[in-house]
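Written out below as structure tokens is the structure these notes cover.
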Amino acid sequence: MKAPREITSGRVRSGMTFDEKVWTVTSRIPRGSVATYGDIARELGTRGCRAVGGALNRNPHAPRVPCHRVVGTSGALTGFAGGLEKKRAMLRDEGISFAGVKVDLERHRFRF
């Protein structure tokens, strides 16, 4: 399924559902960068990190909406429909480095 242009534009608009807002913000994360669930929640003006995770779990627009680029607050890999090893491989393919089992957030964190 192709992601609608309004979601991949990166611009949150009135009338969007919470899920659509999450997908829109997530679409801004460039290759070679990651954001945390908390980063996305803050960008949306909410504290609902788990709600962000739920929305990404329902993401029908991958890979155009790159949910694999979203990690836990500590940089830990969390939930991914394809499995965490696949998520790790996808991030490594994009040049993301790891400190042990966690993404190096100092180096790769995207700032909205």
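The values are calculated or read from the model by the stated rules, or taken from the named source; none is laboratory data. Predicted model only: the values in this text are computed from it and were never measured. With ideal geometry, Cβ positions are generated from the backbone for all residues, glycine too; neighbour counts draw on all protein chains shown. Accessible surface is based on the protein model in full, side chains and every heavy atom, while ligands, DNA and RNA are left aside. Shrake-Rupley method; radii C 1.70, N 1.55, O 1.52, S 1.80 Å.
Points to keep in mind about this one:
- Estimated FRET transfer efficiency (S74, R31; beta-carbon r; R0 30 Å; 0.05): 0.85
- Using the average count of surrounding beta-carbon atoms within 10 Å as a protection proxy, the listed peptides 10-19, 85-94, 65-74 rank, highest first, as 65-74, 85-94, 10-19.
- A 1.4 Å probe run over the chain, with the rest of the protein chains in place, finds 56 Å² accessible per residue.
- Using 0.36 nm per residue and subtracting the Cα-Cα separation, the extra length available between R58 and F98 on full extension is 11.8 nm.
- Along principal axes, Cα extents of the stretch 1-58, largest first, whole Å: 30, 27, 19
- Taking only the alpha carbons of the stretch 29-79, we obtain Rg and Dmax values of 10.2, 26 Å in that order.
- The share of accessible area on the chain that comes from carbon and sulfur is 48 percent, using a 1.4 angstrom probe.
- For the chain, relative contact order (Cα pairs under 8 Å, six or more residues apart, normalised by length) works out to 28 percent.
- Descending semi-axes in whole angstrom, ellipsoid equivalent of the chain, from the Cα gyration tensor: 22, 15, 12
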